[in-house]
Each structure stands twice: as structure tokens, then as C-alpha cells.
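The values are calculated or read from the model by the stated rules, or taken from the named source; none is laboratory data. All figures in this text were calculated on a predicted structure; none of them were measured in a lab. Using ideal geometry, Cβ is built from the backbone for each residue, glycine included, and neighbour counts are taken over all protein chains shown. All accessible areas refer to the heavy atoms of the entire protein, side chains included, with ligands and DNA or RNA removed. Shrake-Rupley method; radii C 1.70, N 1.55, O 1.52, S 1.80 Å.
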Amino acid sequence: MPDLENLPIAITMGDPCGIGPEIIAMLYSDAVSLPPTLVLGDEGLIKRAVRLLAIPLTVKVIDSPEGFKHTPDTINVISLSRLPEDLPFGQLEARAGKAAYDYIRVGIDLALQKRIRAIVTAPINKEALRLADIHYPGHTEILAEFSGTKDFAMMLMNNDLRIILVTIHVSLREAIEQLTIEGELTTIRLANQAMKQLGIARPRIAVAGLNPHAGEHGLFGSEDEAIIQPAILQAQAEGIEASGPWPGDTVFMHARQGRFDIVVAQYHDQGLIPVKYLGVDEGVNITVGLPFVRTSVDHGTAFDIAGTGTASHASLRVAVEQAALLARSDS
């Protein structure tokens, strides 16, 4: 088996009409301690971003990870599309959606073949995917399907909070309908696994309730007592330090104060609002349960500022740093 420590991290370029190419160029311009990385994307659009930002970087096309050689001030690109360099910024484009999807698919294949150390993803646009007749609600579901992963979860973290989701990209009604004891228990187990990967020997896991006041003993709904509580008890029986269900309006505050290492949130906005309220610059998205390490920025394609050179690469830098850390713990 190859030594993952010696392999590059692959950064997928994301939607070519968004800020992905720009933040990648910015990352390389600030690459004082950047781990070895290559880009899965489009040579022409990476060059366009370098020109736009007036950064003294060289863009070098390579055919495979095996052709990677770390060189200062150089972006190594496996060029997987040939989009026009006048592709409009900040617009929905089927061509861009298809290209972004292709970058991800190649990244998955390379990771499964142990030819890269980890995948870091720049943001994609779900509407652009649909325009290209690609029907996935997000990165997480694509990664899970094409890696053959059954049990997975989306985790977001910054300097103050770590959140893992039971349900992800579905409507609120569907999220409630999807809740099961087994689903809760699987997410608690994944939270425990993820924290141990980050070096926490005995993670303290808080499970957020679904309903106001965690149901108030059935007064505001039955799900907390009928679904969430039994899963917590089963996790405790397995030796996992899980507790709850805790009221959703206070549990994140307690976690931020250091009482818990991670919070299991029941649905997308319950978990993401507290994380993103604290700011996305230092945030990172991690898919837990995959057979390889995947991290991502904690923001979208930012079509409104694409092409202006004003986007921040801070979240991308943290995502690369976390990928390198997690890949070490996996190897």
C-alpha cells in the first residue's frame, strides 16, 4: 500500500463560474506552509484567475498524480475540462455544472486507488448541476454514492464548534420523516469516530433535540423520547459518552463554552446556522465515514463576487490543513 504521507492532496476546482479558481490561486500565493497539493480542474480558468489577481504563479499541467512534483510558486493542474476563458463569472452554466461534477468524480477514483492523500473540494452550485442533468443535492451524496459508502455524515467545524448532521440536504418535512433510532445511532457513532481521528480519546457528544425544549417530555412532539433518547441510551451502552437530547436553543452555547466536543444536530439549518453565524472564514466541512479523507470550504460559490478578486481563501486553507491532519491519522 502506498504511503499516504508522500502523496499530494487533490483540490477540486468547484464550479468554474464561481470563486473556486480565485481562492485556489490565492491559496497558492499564500503557500508558506501548504502541504503538497494538485488541482483537478481547468488549466485555462486557473490561468485566468492567476491573471485576474496579478499573482506571480506558474500553472503547470500534469497528466496524473504520479507526475506531481512540488515546486514553489507553481500550481500543478490535472486539466479535466476545456472551457472557454471568457466563460461568464457568476452565472448558472450547464457546462460549469458538468465540469465541476467531473472534477469530483475523478477525485473519488484517485482517492479510492490511493493515488492521492485526500480530497479538498471548492464549492459547487446545485442548480448548475441540475442544468447539466446531474441530480445530486450536494458534494456529500456524490462522494458517498461513488465510493460505495452507506453510513456517512456531514460535519462542520471551526475554532468554536463542531457539528455533525443526522439529515442533510432534504426539506424540513423530509428530515423529520427520515429520523430513525438507527440513523441517530449511526450519526453518534460517526461523531465518536471523527473526534477520535482528531485526537480526542473520549469524545463528549451532545445530541440536540428535534423539538422545542427537546419535546418537553412529549408536550411538543414525540420524536425526542421515541427516537433520539433510545439511540443515546444504545450509544452509552456501547461505551460512547453521548448525552441528551439537549434543547436546540442552548446546546450549541454549551458546546462553545467547552462542555461538549461535538453536537449531533437533527437537520441542516439546526446545525449550520450556529456554525456559520460565527463566520465561515475559519470553517471547514468534513464528510465522515468515507474510505478516504474529504474536507471542503464552509461557503458557496459566491456568484455575486466571482471575478472581482475579493473572495477570501481562508476557509480553503483551513480545509487543506485539516485534510493533511486527518490523512495522517488515517494512515
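What shape does region 71-115 take by its C-alpha gyration tensor, where a ≥ b ≥ c are the square roots of the eigenvalues and a/c under 1.5 counts as rounded, a/b above b/c as prolate, and the rest as oblate? Display every interim value, and only then the final one.
Values: a/c = 3.05, a/b = 1.37, b/c = 2.23.
Verdict is oblate for region 71-115.
Assuming R0 = 25 Å, what is the FRET efficiency of I181 and I273, from their Cβ-Cβ distance, to the nearest 0.05?
Details: r = 26 Å, r/R0 = 1.02.
The pair I181/I273 has a calculated efficiency of 0.45.
Suppose every K and R has +1 on its Cβ and every D and E has -1 on its Cβ; what is the size of the dipole of the chain about the Cα centre, in Debye to the nearest 20?
Here the chain has a charge dipole of around 760 debye.
Once you keep just the Cα pairs under 8 angstrom separated by 6 or more residues, what percentage relative contact order results for the chain?
Values: 707 pairs, mean separation 77.3, N = 331.
Relative contact order here is 23 percent.
Can you list which of the DSSP-assigned H helices in the chain have a Cα extent of 20 Å or more along the long axis and an average Kyte-Doolittle score of at least -1.0? Could the numbers behind the result be given before it?
On the way: long enough: 94-112 (27 Å, 0.34); 181-197 (24 Å, -0.33); 314-330 (24 Å, 0.45).
Membrane-span-like by this rule: 94-112, 181-197, 314-330.
Which of rounded, prolate, oblate describes region 13-156, given a ≥ b ≥ c as roots of the alpha-carbon gyration tensor eigenvalues and a/c under 1.5 marking rounded, otherwise prolate only if a/b is larger than b/c?
Oblate, since a/c reaches 1.5 and b/c is not below a/b.
Top mean-square fluctuation among S296, S312, S171, Gaussian network model of the chain, C-alpha springs under 10 Å?
It is S171.
So for the pair K60, A226, with labels modelled 7 Å out along Cα→Cβ, what separation do we get in nm?
6.1
Could you tell me how far the Cα centroid of region 1-66 sits from the Cα centroid of region 220-258, in Å?
41
Relative contact order for region 9-129: what percent, with Cα pairs under 8 Å and sequence separation of 6 or more?
Worked out over region 9-129, it gives 39 percent.
List the extent of the Cα atoms of region 128-268 along each of their three principal axes, largest first, rounded to whole Å.
Per principal axis, max minus min of the Cα coordinates gives 45, 38, 27 Å.
For region 232-309, which trypsin sites (Lys or Arg not before Pro) are both in a DSSP coil and crowded by at most 12 other Cβ atoms within 10 Å?
Nothing satisfies the criteria.
Ignoring any ligand, DNA or RNA, what whole percent of the accessible area of region 136-274 comes from carbon and sulfur when the probe is 1.4 angstrom?
The computed percentage sits at 52.
Can you pull out the GluC sites (Glu not before Pro) in region 207-249 whose DSSP state is coil and whose Cβ has at most 16 other Cβ atoms within 10 Å?
E216, E238
Please check: in the Gaussian network model of the chain (C-alpha springs, under 10 Å), which one of Q270, Q113, Q229 has the largest mean-square fluctuation.
The residue with the greatest mean-square fluctuation here is Q113.
Report the relative contact order of region 173-242, percent, no decimals, based on alpha-carbon pairs under 8 angstrom and at least 6 residues apart.
RCO, region 173-242: 37 percent.
For region 147-221, give the magnitude of the charge dipole about the Cα centre (Cβ charges: +1 Lys/Arg, -1 Asp/Glu; no others), in debye to the nearest 20.
Rounded to the nearest 20 debye, it is 380 debye.
Quick check: convex hull over the Cα atoms of region 227-331, volume per residue in Å³, rounded to an integer?
With only Cα atoms used, region 227-331 gives 148 Å³ per residue.
In a Gaussian network model over the chain where Cα atoms closer than 10 Å are linked, find which of R95, R202, R173 has the largest mean-square fluctuation.
R173
May I ask you to derive the FRET efficiency for T71 and L131 from their Cβ-Cβ distance with R0 = 51 Å, giving the value to the nearest 0.05?
With R0 = 51 Å, the Cβ-Cβ based efficiency is 0.90.
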